[in-house]
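The values are calculated or read from the model by the stated rules, or taken from the named source; none is laboratory data. Quantities reported herein were computed from a predicted structural model and do not represent experimental measurements. All Cβ positions, glycine included, derive from the backbone under ideal geometry; neighbour counts span all protein chains shown. The area values use the complete protein model at the heavy-atom level, side chains included, leaving out ligands, DNA and RNA. Shrake-Rupley method; radii C 1.70, N 1.55, O 1.52, S 1.80 Å.
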Amino acid sequence: MSRVRADEEEYWHSSKFRAFTFDDEDDELSQLKESKRAVNSLRDIVDDDDDDLERVSWSGEPVGSISWSIKETTSGSTSSLDGRDSSLQKGSSSYAALPKQASSYSLSSLFKGRNKLSSFQSLSDALTDTGVKNYAPELRRPKAEYKDYSSDWSPKDTVRRMQRGKVCSLERFRSLQDKLVLLDEAVAGHDGNVITAVLIFLKRTLRREILFRELEVRQVALCHLIHFLREMGEQKFLLDLLRFLDRTEEVALSQYREHLNIQDVEKRREFLKGCIGLPFSAEDNTHIQDHYTLLERQIIIEANDRRLETAGESELFRKYPRKASILNMPLVTTLFYSCFYHYTEAEGMFSSPTNLKKTFKIPDKQFVLTALAARAKLRAWGDVDALLTTKNWLGYTKKKAPIGFHRVVEILQRNNAPVQVLQEYVRLVEDVETRLNLATKYKCHDVVIETYRDLKDRVQLTAYKCKVERGSAEEEKINSILSN
């Protein structure tokens, strides 16, 4: 150590450098050469084992490390220079003891995280070398883009940027007045997504009473919030809002909708029973009562039919097994089920179709349409005939269809009714043109022939003769009519 210190002192005292004078005739090139020789001679004082030396930057971090790269990249050019000047003045002794060798590092080694002279690469090699992991930090964004996150945007500018999909922080709007102006600007922009986003912000940052009071005079925003709460299932918040607005019927309906989330049938029945006393309108209150009564009937019917099906006591259940449970089904489905499995039961039974019709005041058209479809599916043509037959006060019977006989024919045809059954009801269609169309479509030849005969239309009757089979009873009937 004494030898090294002596060499250092000898070097400094024996330097060839002269003091600067304006009369100095050396040019810049000669000065550069002298500086280079001085640095090389200074490097000889330190050991040559560069591989074992840990290179240190002004901040104390090893040169080429990831943390050094991040700090050097993210720092501004002005602050970097100032920092280095100040550290140079304060730590000159450390620099003299352990000099920074700037010539041993390239830009590529900095980005690759290398610190060896042997790993020197050019910038183009560093960018194209995909086999080495890149430790370079993400480059800082242009200053213009930082304006997106600034707090200088007005409510109107904020809404416009939100409409364009820009990221805008709403946290800067702290006062109630600023938040209401923001909401008004969002409503004026007619963008539902922006309105909903602002409402979510207000819902999170305002007390409920204040929010409800301000929304009461802003109907557009109020409708958006109500729809949002219903979609998100925030039932408690929605009920509080509706109660504040004194919308009692909507509160009752919102509570009634909760039955959809109840899976247990007994719990749902009890819930519906509790909904009967809610402040519904007169019409809605009737529907709630019917819903409760229907579910009660379905529970009784389901328990009885399940027992019959399991025990195998009913031939109808063995021939036509049930495909699903009757629980929670609509009234029309329940009526169809009852007409299919319990059509002949007495009126006093809960599962009787007649009992359902009287209890729930089902119109005649709906009852006939549903019962006809159920009995036709079972091919019970006798029940179909009895369903459409009525008696007057004198005891005379006649066919009557509240839904129209043309619809009766269509239902029977969909259930593959025989031609004899179809012809009976096609004849009862009053409109001649409709009757001819149905008879021709479903090949009810007797009805077509009789209709043309009543119309005394020889031309159409002769033309229709070509559409029947030669030598059939229909052809003979046409020839007999034409000869007379």
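Quick notes on this structure:
- Cα-based equivalent ellipsoid of region 153-246: semi-axis lengths in Å, sorted from largest, via gyration tensor: 22, 14, 11
- Counted over region 444-483 with a bin width of 5 Å, the fraction of Cα pairs per bin, in whole percents, is 6, 28, 42, 21, 3.
- Between LYS156 and LYS391, the simple spin-label model (points 7 angstrom out along Cα→Cβ) gives 8.4 nm.
- Residue-normalised accessible area of region 262-362, given per residue in Å² at a 1.4 Å probe: 57
- Mean separation of Cα contacts under 8 Å (6+ apart) over length of region 376-442, as relative contact order %: 28
- Alpha-carbon centroid distance for the pair region 259-332 / region 412-484, whole angstrom: 47
- Rolling a 1.4 Å probe over the protein heavy atoms of region 444-483, with every protein chain left in place, gives an accessible area that is 47 percent carbon and sulfur.
- The stretch between GLU430 and MET232 holds 65.8 nm of extra length on full extension. This uses 0.36 nm per residue minus the Cα-Cα distance.
- All Cα pairs of region 376-442, percent lying beyond 14 Å: 58
- In percent, rounded to a whole number, the relative contact order of region 153-246 is 22, using alpha-carbon pairs under 8 Å and six or more apart.
- Packing around the peptides 333-344, 257-268, taken as the average count of other Cβ atoms within 10 Å per residue, puts them in this order, highest first: 333-344, 257-268.
- What the phi angles of region 190-206 give under the Karplus curve with 6.51, -1.76 and 1.60, with θ = phi - 60°, is a coupling list of 6, 10, x, 5, 5, 4, 5, 5, 5, 5, 5, 5, 5, 4, 7, 10, 10 Hz, glycine and proline written as x.
- Protein accessible area in region 376-442, 1.4 Å probe - carbon and sulfur %: 48
- GluC sites (Glu not before Pro) restricted to region 383-441 and DSSP loop, no more than 13 other C-beta within 10 Å: GLU430
- Fully extended contour minus Cα-Cα distance, from GLU313 to GLU216, at 0.36 nm per residue: 28.6 nm
- The length gained by stretching the chain between LYS273 and GLU249 to full extension, at 0.36 nm per residue less their Cα-Cα distance, is 6.9 nm.
- Dimensions of region 262-362 from C-alpha coordinates, computed as largest minus smallest value along each principal axis and given longest first, are 47, 28, 20 Å.
- Surface analysis of region 376-442 yields an accessible area of 61 Å² per residue, using protein heavy atoms and a 1.4 Å probe.
- Qualifying chymotrypsin sites (Phe, Trp or Tyr not before Pro) in region 379-421, where qualification requires a DSSP coil assignment and no more than 16 other C-beta atoms within 10 Å, comprise TRP393, TYR396.
- Legend: distances between Cα atoms for LYS319/LYS358; LYS377/LYS465; LYS391/LYS465; LYS319/LYS465; pairs beyond 32 Å are LYS377/LYS465; LYS391/LYS465; LYS319/LYS465.
- Backbone geometry of region 290-301 corresponds, through the Karplus equation with coefficients 6.51, -1.76 and 1.60 at θ = phi - 60°, to 3J(HN,Hα) couplings of 5, 4, 5, 5, 5, 4, 5, 5, 4, 5, 5, 5 Hz, x marking Gly and Pro.
- Using a probe of 1.4 angstrom and keeping all protein chains present, the accessible surface of region 444-483 works out to 64 square angstrom per residue.
- Solvent-accessible area assigned to carbon and sulfur over region 262-362 amounts to 56 percent, based on a 1.4 Å probe.
- The listed residues HIS190, HIS287 rank as HIS190, HIS287 when sorted by accessible area, largest first, using a 1.4 Å probe.
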